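Please read the structure below before turning to the comments.
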Amino acid sequence: MNWIDNFVRPKIRSFLSNKRETPENLWVKDPESGEMVFYRDLEANQWVVPNSGYHMKIKPADRLATFLDDGKYDLVPVASVPVDPLKFRDQKRYTDRLRENRAKTGHEDSVIVATGKLYERPVTVAIQDFDFMGGSLGMAAGQGIITGIETAARLKTPFILFVSSGGARMQEGILSLMQMARTTVAVLRLREAGLPFFVVLTNPTTGGVTASYAMIGDVHIAEPGALIGFAGQRVIEQTIREKLPKGFQRSEYLYSHGMVDMVVHRHNLRSTIGSLAAILTNAPPNEAISASEPKAIAAQTSLREAAVAAEGDDDIEPPAAAAHAE
């Protein structure tokens, strides 16, 4: 009887209760407008809210599947690094945090490196996953960036980096800050090899990442509405004792002030980077890219006009329609 009471009945109750539950992710709330969007519609639209154009966070696997040809890619292994060198502990041990985030994301750390093809041309791509401890930069993440750069140099391909981070990883202290210098030196080696380095700044990109490899690319592209900066707006306001303009540290504001080269809708990133990579590597024209260019150029023109209109008045925020132009 103990076996029936302790094992069989709980299993039956668990099975019946799970059948009645409604999936929690069936609907997703738009953080900008509050609109409820059907999960599958959002997923099919590359995690961009259809009506407001708000760019939500996207998982690395989904990003690679929509960015590279036929969604095919090969993950590049990243060399292992010492785990918890400082034996750090706050509310819980650092090793426990790493274990939880690895189980949640399925990756060893916040940077994933892959190789594939973009419009039939080989490329190397690295993605920073914000779901892994806020995309923070630690020794493993720094090694991931360096591995991506070394892979691109070895294969002689353009290097494309999708950045999303809250900054340095405090649990690794000075060892985390050292990654800023290490990754910067690696980027210089890529430049010496004559290979293009594209940085795509997504929401958010802050802290030590912004102060290092995220701002020394050959071309800086930002997704619409992305928060990009070093210190937070509240910290800056408290330091300078002044109210900052609307839209400060957002993609459109940085574009109008010359901090990024272009603001590109997620749907157009593939064709835009494909075109730029072809130009910078002197590759022959590709008909598939040419067919996609008119829409991307029209979107970029709308963004440029919106930024120029807002440039004369720092209190004016670029129109939402232009900021999220397709």
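Working carefully through the options 77, 122, find the one that is in a loop (DSSP other than H, G, I, E, B) and under 30 Å from residue 275 (Cα atoms).
77
Which residues, taken from segment 17-51, are at negative phi, among the small types (Gly, Ala, Ser) and modelled with pLDDT under 90?
Residues satisfying the conditions are 17, 33.
Of the conditions (1) within 30 Å of residue 92 (Cα to Cα); (2) of a type in the set (D, E, K, R); (3) over 19 Å from the mean Cα position of the chain (by Cα), residue 169 fails just one. Which one is it?
It fails just one condition, (3).
For segment 89-134, name all the residues that are basic (Lys, Arg) and over 27 Å from residue 157 (Cα atoms).
Within segment 89-134, 89, 92, 93, 97, 99, 102, 104 qualify.
State all residues of segment 97-119 that are of a type in the set (S, T, N, Q), under 15 Å from the mean Cα position of the chain (by Cα) and outside any loop (DSSP other than H, G, I, E, B); if no residue qualifies, say none. Break it down stepwise before answering.
Step one: filter segment 97-119 for residues of a type in the set (S, T, N, Q), giving 101, 105, 110, 115.
Then keep just the ones that are under 15 Å from the mean Cα position of the chain (by Cα); that gives 105, 110.
Matches in segment 97-119: 105 only.
Only one of these conditions is not met by residue 66: (1) outside any helix (DSSP H, G or I); (2) at pLDDT 90 or above. Which number is it?
(1)
Among the candidates 156, 92, which residue alone is loosely packed, with under 14 Cβ neighbours inside 10 Å, modelled with pLDDT of 95 or more and either in contact with a Cys (Cβ under 7 Å, 6 or more places away or on another chain) or farther than 20 Å from residue 220 by Cα (or both)?
156
Name the residues in segment 235-276 that are part of a helix (DSSP H, G or I), free of Cβ contacts under 8 Å to residues at least 24 places away in the same chain and in contact with a helix residue (DSSP H, G or I) (Cβ under 7 Å, 6 or more places away or on another chain), would you?
Result: 275, single match.
Please enumerate the residues belonging to segment 261-277 that are touching a strand residue (DSSP E or B) at 6+ places or on another chain (Cβ under 6 Å) and either of a type in the set (Lys, Arg) or buried (at least 22 other Cβ atoms within 10 Å of the Cβ) (or both).
Of everything in segment 261-277, those that are touching a strand residue (DSSP E or B) at 6+ places or on another chain (Cβ under 6 Å) and either of a type in the set (Lys, Arg) or buried (at least 22 other Cβ atoms within 10 Å of the Cβ) (or both) turn out to be 263, 264, 266, 273, 274.
Within segment 260-276, work out how many residues are within 20 Å of residue 213 (Cβ to Cβ) and either at pLDDT below 95 or not aliphatic (A, V, I, L, M) (or both).
Within segment 260-276, residues that are within 20 Å of residue 213 (Cβ to Cβ) and either at pLDDT below 95 or not aliphatic (A, V, I, L, M) (or both) number 1.
The values are calculated or read from the model by the stated rules, or taken from the named source; none is laboratory data. Remember, it's a predicted structure, so these values are computed and weren't measured experimentally. Please note: Cβ atoms are built from the backbone with ideal geometry, for glycine as well, and neighbour counts cover all protein chains shown.
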